[in-house]
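Below you'll find the structure, written out as structure tokens, and then a few comments.
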């Protein structure tokens, strides 16, 4: 597979890879061609061209291996690079048990959920993995809501991708009563979305089924 511009190989990476002690994983998981491609693609705003493997960092605020790898996954979640994204999200899972920041966990699960949901038609296991990820995010929703309120006391809660996606899946499966249950739960916890409209639509669909 030809990825384009080639960067000189770095057998002792620094940058983000070195900062988060991911050197062995980086060198053993990806080919040199894949590493060159990833260095070329990863271009955070305001950062140097090859910051993935070069440069030294001071302590990064609110950052952890899990949050870094979650963010890195997003750079490669496209049809061409999705195999790389899967390797990254798989490594991120190694840090779930040691993650102390609830918001980092909150953002990890929808990243995994969306990554696998895109393969639901081509891989029979992907839909279930996506559902499991949504449920994991829902499982920690109350704690995540509390963390958001502590971090951003003057802001309303954002949308909750796990709740939203799981409700969509349930609706597609014709499980309208369950979709209503989870929509009400999300609304009660304060997550932003048009939950009332979703609940009303599901109720109408249930009524139509009951009339048949």
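Most tightly packed first, judged by the mean number of other beta-carbon atoms within 10 Å of their residues, the peptides 67-74, 166-173 read 67-74, 166-173. Can you tell me how region 116-212 classifies by the Cα gyration tensor, rounded, prolate or oblate, using a/c under 1.5 as the rounded cut? Here region 116-212 falls in the oblate category. The fraction of all Cα pairs in the chain landing in successive 5 Å bins from 0 to the largest distance is 1, 7, 13, 16, 16, 14, 12, 8, 6, 4, 2, 1, 0, 0, given as whole percents.
Taking neighbour Cβ counts within 10 Å as the exposure measure, how do 160, 86 sort from fewest upward?
Starting with the residue having the fewest Cβ neighbours, the order is 86, 160.
Working from label points 7 Å from Cα in the Cα-to-Cβ sense, the residue 125 to residue 102 distance is 3.2 nm. If R0 is 45 Å, the Cβ-Cβ spacing of residue 56 and residue 188 corresponds to a FRET efficiency of close to 0.45.
Treating r as the C-beta distance of residue 118 and residue 208 and R0 as 35 Å, the FRET efficiency rounds to 0.70.
Each of 98, 111, 51, 29 has some number of other Cβ atoms within 10 Å of its Cβ, and from fewest to most they run 98, 29, 51, 111. Note on region 156-212: Cα-only Rg and Dmax are 11.3, 41 Å. Between residue 159 and residue 12, the C-beta separation translates, for a Förster distance of 41 Å, into a calculated FRET efficiency of about 0.45.
Fewest neighbouring Cβ atoms within 10 Å first, the residues 99, 93 line up as 93, 99.
FYI, it's all coordinate maths here, none of it is from the lab. Just so it is clear, the model here is predicted, and its values are computed rather than measured. Counting neighbours? That spans all protein chains shown, and the Cβs are built from the backbone with ideal geometry, glycine included.
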